[in-house]
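What follows is a set of notes on a single structure, which appears directly below.
The values are calculated or read from the model by the stated rules, or taken from the named source; none is laboratory data. These numbers come from a predicted model, not from an experiment. Heads up, the Cβs are rebuilt from the backbone with ideal geometry, glycines too, and the neighbour counts pull from every protein chain shown.
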Amino acid sequence: MCPTGDSECAQLFCRAAIGLGARVSYIQADLDRSSSAAQIEATARVLSRLYDAVECQGMDLAVIRRLGNAAAIPVFPGLACQEQSFLALAEELQGEASLDEKKVSLVQALLLSSID
């Protein structure tokens, strides 16, 4: 179950991942632009052992890229938070599902396409 009080994008990602059968954990990363390569690599190693993928929300994009380069798993840069064109596609999708359900389906499709 997704914790209440989280941002809309955190809720969207959580519902999409849980809908695919994933277990979701929330961690507070203390990484920022000044983080050393060793800190990034150590964090990436731990995350790669514990998870199949990581969604980073509220982190600097450069830090997310460094983490993604060091990790052995997909690292998403706020996949459900960004006003990306794929989320705008939700409005264009046919069907009776709500806009929110369509957004969840699109996030699920992106998750599935990136995980081996």
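Could you pull out every one of the helices (runs of 4 or more DSSP H) wholly within the stretch 13-116 that has 1 or more residues that are hydroxyl-bearing (Ser, Thr, Tyr) and either out of contact with any Pro (no Cβ under 8 Å at 6 or more places or on another chain) or touching a residue at least 12 places away in the same chain (Cβ under 8 Å) (or both)? Lay out the reasoning, then the answer.
Values: elements: 37-50, 61-70, 85-89, 99-114.
Here the list reads 37-50, 85-89, 99-114.
Suppose the filter is surrounded by fewer than 18 Cβ atoms within 10 Å (Cβ to Cβ), of a type outside the set (Asp, Glu) and within 15 Å of the chain's Cα centre (by Cα); does residue 34 pass it?
Numbers: surrounded by fewer than 18 Cβ atoms within 10 Å (Cβ to Cβ): yes; of a type outside the set (Asp, Glu): yes; within 15 Å of the chain's Cα centre (by Cα): no.
No.
If the condition is being of a type in the set (Ser, Thr, Tyr) and under 16 Å from the mean Cα position of the chain (by Cα), then the stretch 92-116 contributes 105, 113, 114.
Could you tell me which of the residues 10, 16, 22, 37 is in contact with a helix residue (DSSP H, G or I) (Cβ under 7 Å, 6 or more places away or on another chain) and of a type in the set (A, V, I, L, M, F, W, C)? Going through 10, 16, 22, 37 in turn, the sole match is 16.
Of 71, 10, all but one fail to be surrounded by 17 or more Cβ atoms within 10 Å (Cβ to Cβ), closer than 21 Å to residue 111 by Cβ and modelled with pLDDT of 90 or more; the exception is 71. Scanning the stretch 10-43 for residues that are in contact with a Lys or Arg (Cβ under 7 Å, 6 or more places away or on another chain) and farther than 15 Å from residue 68 by Cα yields a count of 1.
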